[in-house]
Amino acid sequence: MSEVKVRFAPSPTGELHIGGARTALFNYLYAKAEEGTLVMRIDDTDLERSREEYVDKLIESLHWLGLGWDEGPYFQSKRLDVYSNEAERLLSEKKAYYCYCSVDELASGRERARNENKQYLYPGNCRDLRDNQVEAFEAEGRKPVIRLLIPDTGTTVVNDLIRDKVSFNNSDLDDFIIIKSNGLPTYNFASIVDDCKMNISHIIRGEEHLSNTPRQLLCAKALGYKLPAFAHVPMILAPDRSKLSKRHGATSVEEFRSEGYLPEALVNYMALLGWAPGEDRELITLSEMIALFNLGKVNKTAAIYDTSKLSWINGNYMREYDTDKLAKAALPFLKEKYATENHGKMKDEEYIKKVVSAVKERAKTLKELSEIADYFFKDNFDYDEKGVKKNFKKEGTVDLLKTLKSELKGLDILTSANTEELFVRLCESGKVSLGRLMGPTRLALTGKTGGPAIFDIMEILGKDKVTERLERAIYYIENMMDS
Ligand code: GLU
């Protein structure tokens with residue numbers, strides 16, 4: 001194990017967002033690449049917004065992605081005494097102070113800042129309270145917050161491994177709250193206390209936290225901690241460069257999962273959001289990523305979210321997936337769509353495997369796969385309208401289908417080889433092209449005009465189903481079709 005120790009610190013206030021998952025991935029890659037340690041920390045001090053069910057979901061999403069950790073999870077809500085002790089230390093060293101200002105008392109200043117379009121900065125009213133003032137506030141029953149004393153001048157520089165030096169004027173920062181009036185720490189305080197106490201060597205997180213970093217550095221300096229290194233990874237924006245939101249489609253790992261993306265494909269896609277393995281490579285496995293990952297190669301500029309690329313990557317993984325694995329992954333999607341109609345087939349592993357292999361080339365997600373495989377699980381599908389015109393309405397189609405049906409009687413079981421032979425023979429003797437027989441047969445068996453090889457479909461459906469469907473099509477052509 002090296003000295004490298006990183007952490008992933010989600011707040012359990014919602015599902016794992018793609019931005020958070022990408023942060024987890026980059027931490028994971030860095031830890032693995034450097035043979036370091038990945039700590040999992042749950043930032044759950046916002047008691048109102050944090051929920052246990054989200055903790056479970058976060059953990060489940062990370063497991064599904066295959067991103068494990070080495071230490072934790074630690075819960076900040078169970079470490080509250082650590083933060084109060086550190087705050088006490090700052091108070092006793094006069095690096096922090098109690099502030100009794102009420103929200104109302106600060107309101108006019110906030111209002112002024114808003115009107116002047118400036119960032120509100122706490123004016124430092126309670127910096128030098130006299131004992132009698134404190135007593136008076138206490139007597140009123142006011143509950144104080146604790147603020148960190150920030151130098152009025154000078155700069156705080158973030159040495160970022162991705163962005164180099166980013167400098168902040170201390171005069172643009174105020175004496176911010178480290179412990180709220182309910183005794184709970186703020187994010188900035190709890191986060192850096194944990195990072196330093198847990199000996200985190202590198203804080204890798206989203207760029208949206210860059211503006212928090214000077215505050216955290218000032219806390220760390222006040223507490224006399226050794227400073228960790230920082231790496232702020234770029235934002236993920238929507239194609240129109242706006243903030244990514246629900247209207248841009250799936251944004252949480254859970255949503256991607258239920259849309260039928262494979263975890264390996266999502267991990268592959270996320271790796272490309274802000275990092276490139278080089279040589280224009282777009283398909284890369286987790287172990288290859290580990291071998292090539294380098295924080296210095298992470299982009300500074302925002303990454304653009306592109307679902308068509310994700311679908312393309314997913315399609316590739318689906319084709320490459322081992323059939324057993326793909327069948328297992330596809331089963332919940334098939335069950336959701338067809339379990340009530342074709343319950344028995346859902347337990348027939350061999351059948352599911354054959355179906356999945358037959359259609360996987362044509363689908364980009366498991367959901368799409370389950371949709372295009374409908375005729376393997378449903379008998380009462382409609383016939384494609386254009387297909388009806390092109391195939392069923394052609395003179396002689398019924399006779400072709402009838403001949404095929406009766407010739408099938410001679411075969412014990414259907415295989416793609418013996419059905420192909422039969423087709424060749426029938427077409428030669430009937431003096432029709434293979435296409436002339438295949439078109440209506442496909443429509444009769446699947447309701448569609450395109451799909452996997454028709455002989456494979458016949459093998460998978462089996463003799464009884466094929467015969468039944470030919471009969472259904474013959475009946476349809478003879479009785480239901482307006483000519
Ligand atoms: N809990 C914070 C978040 O989810 C962690 C940020 C950090 O990595 O410091 O945004």
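The values are calculated or read from the model by the stated rules, or taken from the named source; none is laboratory data. Keep in mind that what you see is a predicted model, and the values were worked out from it rather than measured. In this analysis, Cβ positions are derived from the backbone assuming ideal geometry, glycine residues included, and neighbour counts consider all displayed protein chains.
Annotations
- Contact map, region 168-191: first residue in contact (Cβ under 8 Å) with a residue 12 or more places away in the chain, second residue within 14 Å of the ligand (Cβ to nearest atom) and assigned to a strand (DSSP E or B), Cβ cut-off under 9 Å, separation 6 or more or different chains; pairs are F168/V158; I178/P185; I179/P185; S191/R41; S191/P185; S191/I203.
- R215 vs. criteria crowded, with 18+ Cβ neighbours inside 10 Å, within 13 Å of the ligand (Cβ to nearest atom), more than 21 Å from L295 (Cβ to Cβ) and not hydroxyl-bearing (S, T, Y): yes
- Which listed residue is within 19 Å of the chain's Cα centre (by Cα) and either at pLDDT 95 or above or within 17 Å of G20 (Cα to Cα) (or both), from K57, K78: K57
- Failed item, numbered, when G224 is tested on (1) closer than 30 Å to L90 by Cα; (2) within 16 Å of the ligand (Cβ to nearest atom): (2)
- Which listed residue, of I200, I204, is modelled with pLDDT of 95 or more, in contact with an Asp or Glu (Cβ under 9 Å, 6 or more places away or on another chain) and within 16 Å of the ligand (Cβ to nearest atom): I200
- Annotation: K57 fulfils all but one of (1) surrounded by fewer than 19 Cβ atoms within 10 Å (Cβ to Cβ); (2) free of Cβ contacts under 8 Å to residues at least 60 places away in the same chain; (3) within 15 Å of the ligand (Cβ to nearest atom); (4) charged (D, E, K, R); the unmet one is (2).
- Qualifying residue in region 159-179 (condition: under 30 Å from N294 (Cα atoms), away from the ligand (no atom under 16 Å from the Cβ) and in contact with a helix residue (DSSP H, G or I) (Cβ under 6 Å, 6 or more places away or on another chain)): yes
- Of the residues G72, G20, G14, G109, the single one that is away from the ligand (no atom under 16 Å from the Cβ) and not aromatic (F, W, Y) is G109.
- Selected residue [modelled with pLDDT of 95 or more, within 27 Å of R7 (Cα to Cα) and more than 37 Å from the chain's Cα centre (by Cα)] from I146, I179: I146
- The residue that is farthest from K386 (Cα to Cα), counting only those in region 434-477 that are among the small types (G, A, S) and surrounded by fewer than 17 Cβ atoms within 10 Å (Cβ to Cβ), is G462.
- Scanning region 93-140 for residues that are assigned to a helix (DSSP H, G or I), of a type in the set (A, V, I, L, M) and in contact (Cβ under 8 Å) with a residue 12 or more places away in the chain, we see that the one that is nearest to Q216 (Cα to Cα) is L106.
- The condition (being among the small types (G, A, S), farther than 28 Å from Y54 by Cα, more than 22 Å from the chain's Cα centre (by Cα) and assigned to a loop (DSSP other than H, G, I, E, B)) is satisfied by just one residue among G224, G296: G224.
- Among (1) in a loop (DSSP other than H, G, I, E, B); (2) near the ligand (Cβ under 10 Å from one of its atoms), the one test that I192 misses: (1)
- Across region 53-60, not a single residue is classified as among the aromatic types (F, W, Y), under 22 Å from G274 (Cβ atoms) and in a helix (DSSP H, G or I).
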